[in-house]
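Take a look at the structure below.
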Amino acid sequence: MIGPRVHALDRWSAPAAVDAVFHGLSDHSRYLRFHAPMPRLTKTFRDRLTDLDGVDHAAVVAEVVGEPIGIARLVRTGERRAEAAVEVVDRWHRRGVGRMLLTELATLAGGLGYLELHGDVLPENTPMVRLVRGVLPGARTTNADGVVHFSIPVGWAFGLPTHEDLLAEITRAAR
């Protein structure tokens, strides 16, 4: 069997990839990913997911023989900060696809100059909580507002804090 290949997703191939991955998610997986029931993608929401510029909204896709099986995205939320999200079609769960996607996304974020990734995971989504803690072992997690919030300086994701990471951490701690 051929393994997944992860590469950058662009706005031209994004619509087909988003549709394929969304349709590969069960109702329960959609709920865990979007934090609400999501029987279908509205045009507005689909447009937001596919409007990639490669900097403020960037994504990577995992494919097997050209078939999209997962997407990880980042969306700028502030100066050098981005929210991260991952979705993997159900039949590819627990095969390392999420790990590949999140690792590649952290690398992409660093290359784009982001200093911090953050996101929210529903507490019952224990596989995703474990994935974040496994791929980003230095991630700070807090439980509040019914979700697990995580954040991590990008360089620290792989044990490589940069000078900017350290300054950002000191600044955050001083607040």
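Points worth noting:
- Test: residue in the stretch 10-17 that is more than 24 Å from ARG140 (Cβ to Cβ), touching an Asp or Glu at 6+ places or on another chain (Cβ under 9 Å) and among the polar types (S, T, N, Q): no
- Scanning the stretch 1-59 for residues that are charged (D, E, K, R) and closer than 20 Å to ARG91 by Cα returns ARG5, ASP19, ASP27, ARG30, ARG33, ARG40.
- Residue match in the stretch 73-86 (condition: in contact with a Gly (Cβ under 9 Å, 6 or more places away or on another chain), basic (Lys, Arg) and in contact (Cβ under 8 Å) with a residue 12 or more places away in the chain): yes
- Residue within the stretch 87-96 that is among the small types (Gly, Ala, Ser) and either part of a loop (DSSP other than H, G, I, E, B) or farther than 23 Å from ASP27 by Cα (or both) present: yes
- Within the stretch 131-151, tally of residues that are under 16 Å from SER29 (Cα atoms) and free of Cβ contacts under 8 Å to residues at least 40 places away in the same chain: 0
- Within the stretch 75-119, the residues that satisfy the criterion of being buried (at least 18 other Cβ atoms within 10 Å of the Cβ), more than 15 Å from VAL61 (Cβ to Cβ), touching a helix residue (DSSP H, G or I) at 6+ places or on another chain (Cβ under 6 Å) and not hydrophobic (A, V, I, L, M, F, W, C) are GLY110, TYR114.
- Total residues in the stretch 62-74 satisfying the condition of being hydrophobic (A, V, I, L, M, F, W, C), surrounded by 15 or more Cβ atoms within 10 Å (Cβ to Cβ) and farther than 14 Å from THR107 by Cα: the figure is 4.
- If only residues of the stretch 97-120 that are of a type in the set (Ser, Thr, Tyr) and in a helix (DSSP H, G or I) are counted, the one that is nearest to ILE71 (Cα to Cα) is THR103.
- Cβ pairs under 7 Å, 6+ apart, first in the stretch 28-55 and closer than 27 Å to GLY113 by Cα, second in a helix (DSSP H, G or I): ARG46/VAL18; LEU49/VAL18; THR50/ALA14; THR50/PRO15; THR50/VAL18; LEU52/ALA14
- Among residues of the stretch 109-128, those that are touching a residue at least 60 places away in the same chain (Cβ under 8 Å) and over 11 Å from the mean Cα position of the chain (by Cα), counted: 3
- Among the residues examined, LEU160 does not qualify as within 30 Å of GLU67 (Cα to Cα), hydrophobic (A, V, I, L, M, F, W, C) and either modelled with pLDDT under 90 or surrounded by fewer than 17 Cβ atoms within 10 Å (Cβ to Cβ) (or both).
The values are calculated or read from the model by the stated rules, or taken from the named source; none is laboratory data. All figures in this text were calculated on a predicted structure; none of them were measured in a lab. We place every Cβ from the backbone using ideal geometry, glycine too, and count neighbours over all the protein chains shown.
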